[in-house]
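This report concerns only the one structure given below.
The values are calculated or read from the model by the stated rules, or taken from the named source; none is laboratory data. Worth saying up front: this structure is predicted, and the values here are computed from it rather than measured. Every residue, glycine as well, gets a Cβ built from its backbone with ideal geometry; the counts of neighbours run over all protein chains shown. Keep in mind that these areas ignore ligands, DNA and RNA; they rest on the heavy atoms of the full protein, side chains included. Shrake-Rupley method; radii C 1.70, N 1.55, O 1.52, S 1.80 Å.
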Amino acid sequence: MPLTPTADLVRAAHAEGRAVGAFNVITLEHAEAIVAGAETVGAPVICQISENAVRFHGGALTPIARATAAVAEAASVPVALHLDHVTDEELLRRAADHGFGSVMYDASALPHDRNLAATRAAAEWAHAHGLWLEAELGEVGGKDGVHAPGVRTDPGQAREFVTRTGVDALAVAVGSSHAMTTRTARLDHELIAHLKESVPVPLVLHGSTGVPEDELRRAITAGMTKVNIGTALNIAFTGAVRDAFSNGPRTVDPRPWLSAARTRTAETVAQALRVLG
């Protein structure tokens, strides 16, 4: 089926009080695994390609975007394509020509006033080109080694930020952390509820790999709508590769270990979507 706009998936989830999963694509096998996992449980899904992933591919957006879009269009479930954690304005402006329905524009490292101005300009450009725009307010722990109780988004500031920028969704800092490999994060569910009451757009949870399943369920009940998962896929992928090499260390054909990695990653996606749905 054709690519589904990210806005449609997120709005439907928001209206129904559930969450939609957004999973990071690095290679073609990641895209195939994400779609396979979504088809296993019959759930819609967002495939997201980060600026870091584009950099990994030598700065070439077109090959990985087109490959992911092709996998998505062959899916039996709705799939959206999202460009994630974009700081490069040139990359932002390439999104409209590559099938993306949305972009997460990340100016969170800038001082507040500059973050606001840059995000407002990005939202205006995105809307003029038919794109849905996500932004971030309040540092999400992990980018600078931060994973502390004090890293939080203020509800009043979040409401002002959304009103002044016109963004369509907001990623907030509520206790999760990027790149965690253990599920030990504890979220501030009271803050999530306050943010939901204060902010007129869907809330996004980054760094969800480190959040236990029961915490994720509570976060969705409290108000989270888009849930980003990346590191969990890489844990599954590389774990399967290690097992394959251990069982057949002399192999030179990459297909058996890529197949195993794809299968295990798909299982990880399916389980995550069961939790979210």
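Name every residue in region 216-230 that is crowded, with 19+ Cβ neighbours inside 10 Å and either closer than 24 Å to Ile26 by Cβ or not polar (S, T, N, Q) (or both), in order of residue number.
Quick first cut of region 216-230, residues crowded, with 19+ Cβ neighbours inside 10 Å only: 216, 219-220, 222-230.
Across region 216-230, the qualifying residues are Leu216, Ala219, Ile220, Ala222, Gly223, Met224, Lys226, Val227, Asn228, Ile229, Gly230.
When the residues of region 77-111 are filtered to those that are free of Cβ contacts under 8 Å to residues at least 12 places away in the same chain and acidic (Asp, Glu), which remaining residue is surrounded by the fewest Cβ atoms within 10 Å (Cβ to Cβ)?
Taking region 77-111 and keeping what is free of Cβ contacts under 8 Å to residues at least 12 places away in the same chain, we get 90, 97, 110-111.
Okay, now just the ones that are also acidic (Asp, Glu), so 90, 97.
Working: Glu90: 8, Asp97: 11.
Only one residue tops the list, namely Glu90.
Considering only residues in region 232-277 that are among the small types (Gly, Ala, Ser) and more than 24 Å from the chain's Cα centre (by Cα), the one that is surrounded by the fewest Cβ atoms within 10 Å (Cβ to Cβ) turns out to be Ser246. Scanning region 246-260 for residues that are among the hydrophobic types (A, V, I, L, M, F, W, C) and at pLDDT 85 or above yields Trp257, Leu258, Ala260. Among the residues here, Glu29 does not qualify as closer than 18 Å to His98 by Cα, in contact with a helix residue (DSSP H, G or I) (Cβ under 8 Å, 6 or more places away or on another chain) and modelled with pLDDT of 95 or more. Inside region 203-224, residues that are in contact with a Gly (Cβ under 9 Å, 6 or more places away or on another chain) and in a strand (DSSP E or B) make up a count of 1. Within region 32-76, the set of residues being open to solvent by 60 Å² or more (accessible area, probe 1.4 Å), in contact (Cβ under 8 Å) with a residue 60 or more places away in the chain and outside any helix (DSSP H, G or I) comprises Ser76 only.
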